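No lab work stands behind these numbers, since they all come straight from the coordinates. Bear in mind that the values here come from a model prediction, so they are computed numbers and not experimental data. We place every Cβ from the backbone using ideal geometry, glycine too, and count neighbours over all the protein chains shown.
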Amino acid sequence: MTVPGDPAVAGWYRFGPAPGSPRGSAVLVGHVDDDTGALGEFAALYDVRPGDRVEVRRAGAGPVAYRVVARATVPKDGLPSSTFRRTGPPVLTLVTCAPPFVPEAGGYQANLVVTAEPLPA
């Protein structure tokens, strides 16, 4: 999975469902900050809690609204396989970096994973 270089841009995991798909986990990834410390698009995920509304704007289609149902911090190499599932009920999975930040070990050592379910249209 490639994270966009620009921290102001979120990336979609193109091998899985797109946001708004009727099944599977639509995965979006983004940076929490950049090398200068400027906050990225996904820095706001640190404040998201279950029950919060998330909206995904899509090119060529209307926005899709979701309600956050879970958030978890996992080791960088510990994303569960369900993150990338292509079947089952539709969810939006948002992934960004999470502390601790260890420069000599390559940066952030964990991921924040936010899961949201679609709201009725």
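Remind me, relative contact order of region 46-87 in percent, using alpha carbon pairs under 8 angstrom and six or more residues apart? Don't skip to the answer; put the middle values down first.
Values: 33 pairs, mean separation 14.1, N = 42.
Relative contact order of region 46-87: 33 percent.
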Unit charges at the beta carbon, dipole of region 11-118: most positive-side option, V32, G51, G20: G20
Based on alpha-carbon centroids, what's the gap between region 27-43 and region 60-107 in Å, whole number please? 13
Towards the positive end of the charge dipole of the chain, with charges on Cβ (+1 Lys, Arg; -1 Asp, Glu), say which of V113, P90, P4 has the farthest Cα. P90
9 Å beta-carbon shell around R67, net charge (K/R +1, D/E -1): -1
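Under the Kirkwood approximation for Rh and a Cα-based Rg, what ratio Rg/Rh is obtained for the chain? Present the calculation step by step, with values, prior to reporting the outcome.
Numbers: Rg = 14.0 Å, Rh = 14.6 Å.
Ratio of gyration radius to Kirkwood radius for the chain: 0.95.
Ignoring the sites themselves, what is the longest stretch of the chain with no trypsin sites (Lys or Arg not before Pro) in a DSSP loop and at most 15 other beta-carbon atoms within 10 Å?
On the way: sites that count: R14, R23, K76, R86.
Longest stretch, sites excluded: 24-75.
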